[in-house]
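Novice: One structure, pasted below without further comment.
Derivation of every value follows stated rules applied to the coordinates shown; laboratory data play no part. It should be emphasised that the depicted structure is a prediction, and the values quoted were computed from it without experimental measurement. Every residue, glycine among them, receives a Cβ derived from its backbone with ideal geometry; neighbour counts consider all protein chains shown.
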Amino acid sequence: MYFKNNNITNTKKKILIVSHLSKEGHIASSFSVLNILNVLVKNFLFKKKKYLSNFILSKGHAALGFYAILNQEKYISDKVFFNFAKFKSQLGGHPKRNEKIFTTASTGSLGHGLPIITGMAFASKNLNKSRKNFFILMGDQECNEGTIWESLLLCNHYKLNNITIIIDRNFSRESDLSLGNLSNRLKEFSQDIHQVNGHDEKKLLNLLNKKNKSFNPKIIVANTIKGFGSKVIEEDNSWHHRYPKNKFELDKIIQTIKY
Amino acid sequence: MRETFPKFIEDYLSKDKKIFVLLGDIGVYSFRNIFNNFKKNILNIGILEQTMIGFSAGLAIQGRVPFVHTIAPFIVNRAYEQIKIDLCYQNLNVNLVSVGASLDYAALGSTHHCPEDVAILSKLPNIKIYCPGTKVEFYNLLKQYALGGPKYFRITSSTHNLKFHIKNNAAILKKGKKATIIVIGNALRLLEDYYQELDANIIYLNCVKPINREVLIKNFNENLILIQDFYVGSITSEIISIYKNKKLKIFEIGLPNKFFLNYGTSQQHYTYLQLDKKKIKKQILTKLKN
């Protein structure tokens, strides 16, 4: 059974409220990656409360999920979070580069994050001689983009084992363009490749903590369920980009959150 | 002009180790000395232009000052969205140095021509666009490499042969009464033999974004002739916005908006397109008479 996490359940409810208030947000995609983001934010992106500038949310449409976890961990205040996607807000439907809100790259158009983090990791390892690790969260269908495979070639060639690539494998558009056995396809690019249940935070943490002994990026294919936690959102794809319209719909959908 | 770029990099790398050069598998031979002497500061990254731009953004985020170099259409067209988002939206200091401009690679066909670079790049906020007309101008413009934000240097093998003082990317070559003639970068070669004879303000610009508005406003004439070595219409709206409340008659000389389907040399193309000195002089004189 899934690792039960009351915090995350509350955070999902908060996402629904914020989405209702802002009339914006990709709820289903955010729920898909919430456990992954929870593990990353709690363990790898901050040191003594200071952001390490080592993360790119390449599937930018999950911004609401990222900011929700930052709010849950008290890096972003309620006041700021509840302003999500409002006219003067720094937090938008897709992230905009701003280190003050822990956003290293502007994303939203898919396939931009990996080339950028490849450049960052290259500079860090080869030029700055730093041992810092970099993390990127991508969508599975983002792998349709050619820049992903271009960047993987570079990661291999320059032995960038200081990058951890997490792929949110929620099979959301598998029927339209199949990625097939994604792990097998990626094996050419990494000897340190893993598959994991992307909602099992314990297993995710273990994998992320494991030292990468190869000369390639660590790749984690995290099998997830889009909309995870609410059967209604899981089963109805209209929730890909939809917000609870009124108080009634908001209350109703909050009731469906199970974990 | 092409050889000026490796020379500049060599001169400046000895003082500034933050410089980092990315070649898109172009110009590798001309950078051979830098590969030997500064191998930590240069990569021939391969033929992956979109990723090359994103990669350069990553270098800039880590405090490096990247120069990205390849043939114009492969950066400007192929990686346009990367330039828009990774460089302009994030406002990162990355220097794009293209070669080929409009028709340098005449014999290679339209895949290698880029007469539209100024038109499409100038619509992106935050970018600066330089069109040097000589090697010396190019070298001097490159000195601005450390300035914040993305920059595009439009490098071409056809240069003009005049020397004059340039201030804030503009020069007033001559004052006159009948018109104001704005000449961009290397297009000055088409006027250099006879511009003294023309009764017009002749303004030279080697930066089209941002344009030196002050010089244009001070040298206003309602008859405006715009001479450029890229598609006509590329910067017209910007010029109009500078003279917003004034009546203007604009006449443009430049490349027509079409594919250039012949091969041969760029000179043959310019002759075929009636963009040679004689024909242009005749056109300008006719305009100045009216």
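Novice: Give me the percent of DSSP beta bridges within chain A that run antiparallel, rounded to the nearest 5.
Specialist: Rounded to the nearest five, the antiparallel share is 15 percent.
Novice: Another question, if that's okay. So what J values fall out for the range B:258-266 if you push phi through Karplus, 6.51 cos²θ - 1.76 cosθ + 1.60 with θ = phi - 60°, rounded to Hz, Gly and Pro as x?
Specialist: With the stated coefficients, the range B:258-266 comes to 7, 7, 9, 8, 7, 10, x, 9, 5 Hz.
Novice: Filter the cross-link list A:K132/B:K40; B:K18/B:K163; B:K40/B:K84 down to pairs whose alpha-carbon distance in this structure exceeds 30 Å.
Specialist: From the list (A:K132/B:K40; B:K18/B:K163; B:K40/B:K84), the Cα-Cα distance tops 30 Å for B:K18/B:K163.
Novice: In whole angstrom, and with the biggest value first, how far do the Cα coordinates of chain A range along each principal axis?
Specialist: Dimensions of chain A along the principal axes of its Cα atoms: 54, 39, 31 Å.
Novice: Amide H neighbours of B:L226 under 5 Å, at least 5 residues apart or on other chains, H built in the peptide plane: list them.
Specialist: Amide H neighbours of B:L226: B:I182, B:F251, B:E252, B:I253.
Novice: Over 39 Å apart: what share of the alpha carbon pairs of the protein assembly as shown falls there, rounded to a whole percent?
Specialist: Cα-Cα pairs in the protein assembly as shown separated by more than 39 Å: 37 percent.
Novice: Still on this structure: Please determine, in degrees from 0 to 90 and to the nearest 10, the orientation of helix B:277-289 with respect to the longest principal axis defined by the Cα atoms of chain B, where the helix direction is its Cα long axis.
Specialist: Taking the Cα atoms of chain B, the angle to B:277-289 is about 50 degrees.
Novice: Have a look at B:Y272, B:P210, B:L173 and report the one farthest towards the positive end of the charge dipole of the range B:170-289, computed about the Cα centre with Cβ charges (Lys/Arg +1, Asp/Glu -1).
Specialist: B:L173
Novice: What number comes out for the charge environment of B:I129, summing +1 per Lys or Arg and -1 per Asp or Glu over other residues with Cβ under 10 Å away?
Specialist: Here the count lands on +3.
Novice: Another question, if that's okay. Against the longest alpha carbon principal axis of chain A, how many degrees, from 0 to 90 and to the nearest 10, is the axis of helix A:146-157 turned?
Specialist: Approximately 40 degrees, to the nearest 10.
Novice: Over the range B:143-252, what is the relative contact order in percent, taking alpha-carbon pairs closer than 8 angstrom and at least six residues apart?
Specialist: The normalised contact order for the range B:143-252 reaches 27 percent.
Novice: Using DSSP, restrict attention to beta bridges with both residues in the protein assembly as shown and report what percent are antiparallel, rounded to the nearest 5.
Specialist: Once the DSSP bridges in the protein assembly as shown are tallied, antiparallel ones form about 15 percent.
Novice: Moving on. Which far-off residues, 5 or more places away or on another chain, put their amide H under 5 Å from the one on B:L275, with H placed in the peptide plane?
Specialist: none
Novice: Name the residues whose placed amide hydrogens come within less than 5 Å of the amide hydrogen of B:L191, ignoring near sequence neighbours (fewer than 5 apart) on the same chain.
Specialist: When sequence neighbours closer than 5 places are left aside, there are no close amide H contacts.
Novice: What is the angle, in °, between the Cα long axis of helix B:4-13 and the longest principal axis of the Cα atoms in chain B? Nearest 10 is fine, range 0 to 90.
Specialist: Around 50 degrees separate the two axes.
Novice: How many angstrom lie between the Cα centre of the range A:150-199 and the Cα centre of the range A:70-114?
Specialist: So the separation of the two Cα centres works out to 25 Å.
Novice: Starting from the Cα gyration tensor of the range B:170-289, take the square roots of the eigenvalues, sort them a ≥ b ≥ c, and report rounded, prolate or oblate (rounded when a/c is under 1.5, otherwise prolate if a/b is larger than b/c, else oblate).
Specialist: prolate
Novice: Over the range B:96-253, one equal point on each Cα, no solvent: what is log10 I(q)/I(0) by the Debye formula at q = 0.16, 0.19 Å⁻¹?
Specialist: -0.89, -1.27
Novice: I've got another one for you. Anything over 26 Å Cα to Cα? Flag those among A:K48/A:K129; B:K177/B:K249; B:K175/B:K244; B:K143/B:K281, in the order listed.
Specialist: B:K143/B:K281, as the Cα separations exceed 26 Å there.
Novice: Can you give me the pair-distance distribution of the range A:161-208, C-alpha pairs, 10 Å bins, whole percents?
Specialist: 21, 51, 27, 2
Novice: Turning to a different aspect of this structure: Over chain A, what is the mean sequence separation of C-alpha contacts under 8 Å (at least six apart), divided by residue count, expressed as relative contact order in percent?
Specialist: Rounded, it is 25 percent for chain A.
Novice: So, by mean Cβ neighbours within 10 angstrom, what's the order for B:238-244, A:237-243 with the highest one leading?
Specialist: In decreasing order of mean packing, B:238-244, A:237-243 become A:237-243, B:238-244.
Novice: Another question, then. Over the range B:4-155, what is the percentage of antiparallel beta bridges among all DSSP beta bridges, to the nearest 5?
Specialist: 0
Novice: Same structure, new question: Which peptide among A:91-104, A:42-55, B:57-70 comes first, and what is the full order, when sorted by highest mean count of other Cβ atoms within 10 Å?
Specialist: The packing order, highest mean first, is B:57-70, A:91-104, A:42-55.
Novice: Per residue of A:107-116, how many C-beta atoms from partner chains lie within 10 Å of its own C-beta, taken as a mean?
Specialist: Mean inter-chain Cβ contacts per residue within 10 Å come to 6.
Novice: Where the only charges are on Cβ atoms (+1 Lys, Arg; -1 Asp, Glu), what is the dipole of the protein assembly as shown about its Cα centre, to the nearest 20 debye?
Specialist: Here the protein assembly as shown has a charge dipole of around 1740 debye.
Novice: For Cα pairs less than 8 Å apart in space and 6+ apart in sequence, what is the mean separation divided by the residue count of chain B, i.e. the relative contact order in percent?
Specialist: 16 percent.
Novice: How many angstrom lie between the Cα centre of the range B:1-66 and the Cα centre of the range A:203-259?
Specialist: 41
Novice: A follow-up question, please. When N is the residue count of chain B, what does its C-alpha Rg come to as a fraction of 2.2 N^0.38 Å?
Specialist: Dividing the Cα radius of gyration by 2.2 N^0.38 Å gives 1.00.
Novice: In 10 Å bins starting at 0, how do the alpha-carbon pair distances of the range B:4-155 split up by percent?
Specialist: Distribution as computed: 12, 45, 37, 6, 0 percent.
Novice: Can I ask one more? HN-Hα J couplings of the range B:200-214 from phi, Karplus 6.51/-1.76/1.60, θ = phi - 60°, integer Hz, Gly and Pro as x?
Specialist: Those phi angles translate into 8, 6, 10, 10, 9, 10, 10, 9, 9, 8, x, 7, 5, 5, 4 Hz.
Novice: Within 10 Å of each Cβ of A:137-150, how many other protein chain Cβ atoms are there on average?
Specialist: Counting Cβ atoms of other protein chains within 10 Å of each residue's Cβ and averaging gives 2.
Novice: Let me ask something else about it. If Lys and Arg each add +1 and Asp and Glu each add -1, what is the summed charge of the other residues whose beta carbon sits under 10 Å from the beta carbon of B:A57?
Specialist: For residues surrounding B:A57, the net value is 0.
Novice: With n ≥ 4 as the cut-off for DSSP H runs, can you work out [θ] at 222 nm for chain B, using -39500 (n - 2.57) per run divided by the number of residues, rounded to the nearest 500?
Specialist: Dividing the helical sum by the residues of chain B leaves -7500 deg cm²/dmol.
Novice: Can you give the average number of partner chain beta-carbon atoms within 10 Å of each beta-carbon in peptide A:71-83, as a whole number?
Specialist: 0
Novice: Rounded to the nearest 20 debye, what is the charge dipole size of chain B about its Cα centre when +1 sits on each Lys and Arg Cβ and -1 on each Asp and Glu Cβ?
Specialist: Using Cβ point charges on Lys, Arg, Asp and Glu, chain B gives about 860 debye.
Novice: Moving on. Per residue of the range A:15-21, in order, report the coupling 6.51 cos²θ - 1.76 cosθ + 1.60 (Karplus, θ = phi - 60°) as ³J(HN,Hα) in whole Hz, putting x for Gly and Pro.
Specialist: Rounded to whole hertz, the list is 4, 5, 5, 5, 5, 5, 5.
Novice: Per DSSP H run of n ≥ 4, the term is -39500 (n - 2.57); total these for chain A, divide by its residue number, and report the mean residue ellipticity at 222 nm rounded to 500 deg cm²/dmol.
Specialist: Mean residue ellipticity at 222 nm (helix-derived): -11000 deg cm²/dmol.
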